[in-house]
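Written out below as structure tokens is the structure these notes cover.
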Amino acid sequence: MSDGGGESGRESDRATKRKSSDRDFPQAIAKIAVAQICESAGFQGFQQSALETLSEVVVRYIRELGKTAHTYANSACRTECNIFDIIQGLEDLASLQGFSGASDSDHCLAGSGTVREIVQYVSEAEEIPFAHSVPHFPVIRDRKQTPSFLQIGEEPPGDHIPDWLPAFPDPQTYVHSPVTLEQARQHKKAEWSLLNLQQQLACNGLEGPSMIDPGDAAKARRAAETNPFLSAPLHFGEKGVSPVFLPAKLSNEAVVENQAGENHAVANHVSVLETFAPAIELMKSRSCESEEGRKKVLSNQRPAVQFKIEIGKKSTGTALDLSFQNKDVEKITSWFGKDNEKDDKKRRAEKILKESMKNPQELAQL
Amino acid sequence: MNQNQGGNDARHDDDSALSDFLASLVDYTPTIPDELVEHYLAKSGFQCPDVRLIRLVAVATQKFVTEVASDALQQCKARQSAVVKDKRDKQQKDKRLILTMEDLSKALREYGVNVKHQEYFADSPSSGMDPASRDE
């Protein structure tokens with residue numbers, strides 16, 4: 001049983017490999033015709049496999065008949081077949097079933113039993129035309145031929161190439177050429193406009209696409225108000241983003257903190273900045289107070305406990321650490337007795353450094 | 001001489017019958033379309049510009065299919081009547097005559113076409129084999 005299954009599996013593989021796209025159409029038509037004939041014979045339904053098998057047998061019958069007739073015509077030194085070749089082919093195929101007069105050795109072909117049977121069949125059977133109109137197939141498409149050198153008017157490169165041969169393809173198709181500046185600019189422009197188009201589509205939804213100018217920030221802002229995540233990305237130079245190094249000036253401290261918050265927040269999100277603005281301002285105010293506190297402390301007393309509003313889950317821990325470190329730093333500096341402004345600035349710079357070191361860790365956790 | 005003349009007459013009759021038949025074929029439209037027959041005949045090398053011969057081939061094929069179908073129908077009816085011996089209700093239910101592979105293979109066997117169809121389908125090529133010989 002398994003052997004039989006394996007064999008038929010292999011056969012089906014071969015059949016599917018043979019089956020190509022140009023076989024499908026005539027095969028389908030044959031199936032329809034066979035189904036019509038079977039219906040006239042009395043069947044009301046078909047198994048799919050049975051119908052396919054019968055149509056395949058019918059196709060082979062036609063081909064066998066044609067091959068036999070052609071062979072008989074060739075045997076009679078002709079290339080075109082005539083009626084007698086077909087009758088002989090019919091006799092060959094019907095020899096299994098048998099027909100009247102099959103055993104006669106020298107009977108006339110015109111009066112062959114097969115022909116008589118066919119004549120009888122035609123007279124008895126009702127005419128069933130094919131259900132659909134069949135176009136003439138196979139359809140031959142006009143192939144676009146490559147023009148020759150002569151047709152183009154080109155000189156063939158080399159004397160050994162005659163001009164009636166098809167021309168070579170354009171060198172651009174197979175030679176890689178470096179992209180020029182202009183082309184690069186054009187590419188960039190095209191990409192930019194495409195990006196704009198996509199953003200428009202995303203922001204406006206069902207609205208039709210419209211091109212926005214590079215300088216048109218109003219629409220981008222409008223888009224940003226509706227959904228901050230769909231706002232247009234900022235371009236280079238539009239927003240002042242500070243470099244990473246920290247200036248030692250006091251006035252810059254707030255700016256640095258502000259920009260530290262900006263730097264480490266998700267870039268170019270207006271709403272994020274807005275939400276952090278109060279926190280940053282609070283930090284600024286706190287730091288101002290702490291500065292003043294520090295000034296006082298530096299003179300004689302212990303430094304005050306400094307609370308830092310930091311964004312992140314580990315804020316309380318780090319705040320305490322910072323305050324402790326500040327104490328240590330200030331204690332050490334007080335022993336040495338350097339109470340210059342420069343030292344203050346240095347201390348503040350160190351403090352800012354520490355904060356900025358902590359900040360990326362905390363803000364990155366957001 | 002007489003036999004020869006008789007034979008000649010018979011031949012003439014046959015020829016005339018044939019030509020008449022071919023003439024009548026032009027009016028008769030076979031179920032198998034001409035384009036299909038032409039396509040398959042061309043594939044096997046058959047060359048003929050005459051439409052009547054194409055029609056003759058189509059009619060012959062149609063006759064062949066009708067014969068196979070009627071044989072299969074007889075097989076189907078015989079099987080149904082054999083089953084129905086038990087219950088009369090089934091006869092009314094199974095009025096639908098369906099062309100199955102079983103009936104078709106039995107009918108085609110008389111015409112020299114051996115069609116073997118699947119008894120059942122196995123999941124994998126190794127199913128049903130001896131466990132000892134199976135490679136796993």
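Of all residues in the range A:146-166, those that are surrounded by 12 or more Cβ atoms within 10 Å (Cβ to Cβ) have Cβ atoms under 7 Å from Cβ atoms of residues that are of a type in the set (Val, Ile, Thr), 6 or more apart or on another chain, in A:Pro166/A:Thr146. Total residues in the range A:95-112 satisfying the condition of being facing another protein chain (nearest Cβ under 9 Å) and either farther than 23 Å from B:Ser16 by Cβ or without any contact (Cβ under 8 Å) to a residue 12 or more places away in the chain (or both): the figure is 4. Checked against the criterion of being of a type in the set (Asp, Glu) and in contact with a helix residue (DSSP H, G or I) (Cβ under 9 Å, 6 or more places away or on another chain), the range A:106-116 has no qualifying residue.
If you scan the range A:63-96, which residues turn out to be of a type in the set (Val, Ile, Thr) and not in a helix (DSSP H, G or I)?
The answer is A:Thr79, and nothing else.
A:Val115 passes every criterion in (1) β-branched (Val, Ile, Thr); (2) within 20 Å of B:Leu56 (Cβ to Cβ); (3) free of Cβ contacts under 8 Å to residues at least 12 places away in the same chain; (4) not in a loop (DSSP other than H, G, I, E, B) apart from (3).
Take B:Asp71 and tell me if it is at pLDDT 90 or above, surrounded by fewer than 21 Cβ atoms within 10 Å (Cβ to Cβ) and more than 7 Å from chain A (Cβ to nearest Cβ). In short, yes. Within the option set A:Gly111, A:Gly89, A:Gly66, being farther than 27 Å from A:Ala41 by Cβ and either loosely packed, with under 14 Cβ neighbours inside 10 Å or assigned by the TED database to the domain that holds A:Ile37 (or both) holds for one residue only, A:Gly111.
The residues of the range A:70-85 that are within 15 Å of B:Asp50 (Cα to Cα) and either out of contact with any helix residue (DSSP H, G or I) (no Cβ under 8 Å at 6 or more places or on another chain) or at the interface with another protein chain (Cβ under 7 Å from one of its Cβ atoms) (or both), listed by number, are A:His70, A:Thr79, A:Glu80, A:Cys81, A:Ile83. Residues that are modelled with pLDDT under 85 and within 14 Å of another protein chain (Cβ to nearest Cβ): does the range A:139-157 have at least one? Yes, that holds for at least one residue. For A:Val115, which of the numbered conditions (1) touching a Gly at 6+ places or on another chain (Cβ under 6 Å); (2) within 7 Å of another protein chain (Cβ to nearest Cβ) fails to hold? All conditions are met except number (1).
The values are calculated or read from the model by the stated rules, or taken from the named source; none is laboratory data. Remember, it's a predicted structure, so these values are computed and weren't measured experimentally. Glycine gets a Cβ as well: all are built from the backbone with ideal geometry, and neighbour counts include every protein chain shown.
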